[in-house]
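Below: one structure, written as structure tokens.
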Amino acid sequence: EFQGISRCHLKIILDEQQEKAFVEDTGSKNGTFLNNKKIGDRELLNKGDIIKVGSMAFKYIPAGDPERVAYDKLNLEANTDLHTGCFNKSYFNNKSELEVKKSKVTGSPLSLILFDLDHFKNLNDNFGHDAGDYVLKEMATVVRNNGVREQDVFARYGGEEFVILLPNTNLKQSFEIAERLRKLIEIHQFLYESQRLPVTASIGVADYRRGVSSGTDLFKRADNAVYKSKENGRNQVQFYRE
């Protein structure tokens, strides 16, 4: 289902048994158009159909179609950090702006977890950059397999800094998730050339509320909380306090 921020509502319905798809307008302000014709209720979709709602346009390509497979592959590569398999900074920034706008309109909760690996420069200096690369990749796998839901956006923001954007998640819930991930990272055996590497994370949590008008605002609040975690001794979770 697509829900734009300017009263544009559009739903795509998949009938897996009949292998068909339909488009349905769910109350958009100016209507939904299929191949430049305004739809009434529900319309059958065919490959290559153009759907327009407001200022947005979508091309329908069925799952499994070679064009769709090629597009999905290119899209994934463009939005992914190749070393860790996480989304990249650019994708995260776009998604955070979109999710903040959604929360403004719907009032739904939104949280952000931001974390840095502690003393990562020392790890690189003491064990080598290959060891550091191993830690980043292994840590990303641990977090992705144990704490990231389908709706979340897990991204490498840069270097040893990572973010998890959590739609429909309040501050208390996100704090509990962050604490669970902190413990997972702390107890995980990062073994490189038969040596266990010391890996912990300083984590900050912030949520959408008064004073947050953009994804950048949300990030700055989480970053402020990370600073408090480091200031208080590292390997802990702090949440943003006004």
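The values are calculated or read from the model by the stated rules, or taken from the named source; none is laboratory data. Bear in mind that the values here come from a model prediction, so they are computed numbers and not experimental data. All Cβ positions, even for glycine, are placed from backbone atoms using ideal geometry, and neighbour counts span all protein chains on display. Heads up: the accessible areas ignore ligands, DNA and RNA and are worked out on the full protein's heavy atoms, side chains in. Shrake-Rupley method; radii C 1.70, N 1.55, O 1.52, S 1.80 Å.
Please determine, by comparing only the residues of the range 86-109 that are part of a loop (DSSP other than H, G, I, E, B) and either surrounded by fewer than 14 Cβ atoms within 10 Å (Cβ to Cβ) or not small (Gly, Ala, Ser) (or both), which one is farthest from the chain's Cα centre (by Cα). Once the filter is applied, the top-ranked residue is Gly107. Being outside any helix (DSSP H, G or I) and within 18 Å of the chain's Cα centre (by Cα) is the requirement here; does Leu165 meet it? Yes, satisfied. If we scan the range 168-181, do we find a residue that is among the basic types (Lys, Arg), in contact with a helix residue (DSSP H, G or I) (Cβ under 9 Å, 6 or more places away or on another chain), open to solvent by 10 Å² or more (accessible area, probe 1.4 Å) and under 27 Å from Ser90 (Cβ atoms)? Looking for residues that are among the basic types (Lys, Arg), in contact with a helix residue (DSSP H, G or I) (Cβ under 9 Å, 6 or more places away or on another chain), open to solvent by 10 Å² or more (accessible area, probe 1.4 Å) and under 27 Å from Ser90 (Cβ atoms), one finds none in the range 168-181, hence no.
Within the range 194-219, residues that are in contact (Cβ under 8 Å) with a residue 40 or more places away in the chain and farther than 12 Å from Arg241 by Cα reach partners that are part of a loop (DSSP other than H, G, I, E, B) and not hydroxyl-bearing (Ser, Thr, Tyr) with beta carbons closer than 6 Å, at six or more positions or on different chains, in the pairs Leu197/Phe190; Val199/Phe190; Thr200/Asp118; Thr200/Asn235; Ser202/Asp118; Ser202/Arg234; Leu218/Val212. Contact annotation: residue pairs with Cβ atoms under 8 Å, 6 or more positions apart or on different chains, pairing a residue in the range 222-236 that is closer than 18 Å to Ile164 by Cβ and free of Cβ contacts under 8 Å to residues at least 60 places away in the same chain with a partner that is aromatic (Phe, Trp, Tyr) and open to solvent by 40 Å² or more (accessible area, probe 1.4 Å), are Asn224/Tyr240.
Residue count for the range 128-162 under the criterion of being closer than 17 Å to Leu184 by Cα, open to solvent by 20 Å² or more (accessible area, probe 1.4 Å) and either part of a loop (DSSP other than H, G, I, E, B) or not charged (D, E, K, R) (or both): the result is 7.
The C-beta contact set for the range 121-140 (first residue over 12 Å from Leu197 (Cβ atoms), second residue open to solvent by 20 Å² or more (accessible area, probe 1.4 Å), distance under 8 angstrom, 6+ apart or interchain) comprises Lys137/His83; Lys137/Gly85; Ala140/Gly85; Ala140/Arg156. Tell me whether the range 217-233 contains one or more residues that are among the hydroxyl-bearing types (Ser, Thr, Tyr) and either open to solvent by 50 Å² or more (accessible area, probe 1.4 Å) or more than 14 Å from the chain's Cα centre (by Cα) (or both). There is at least one residue in the range 217-233 that is among the hydroxyl-bearing types (Ser, Thr, Tyr) and either open to solvent by 50 Å² or more (accessible area, probe 1.4 Å) or more than 14 Å from the chain's Cα centre (by Cα) (or both). Selection of the range 201-216 for residues being in a loop (DSSP other than H, G, I, E, B) and surrounded by 18 or more Cβ atoms within 10 Å (Cβ to Cβ) yields Tyr208, Val212. Residue count for the range 192-224, restricted to those that are under 25 Å from Thr141 (Cβ atoms) and out of contact with any helix residue (DSSP H, G or I) (no Cβ under 9 Å at 6 or more places or on another chain): 4.
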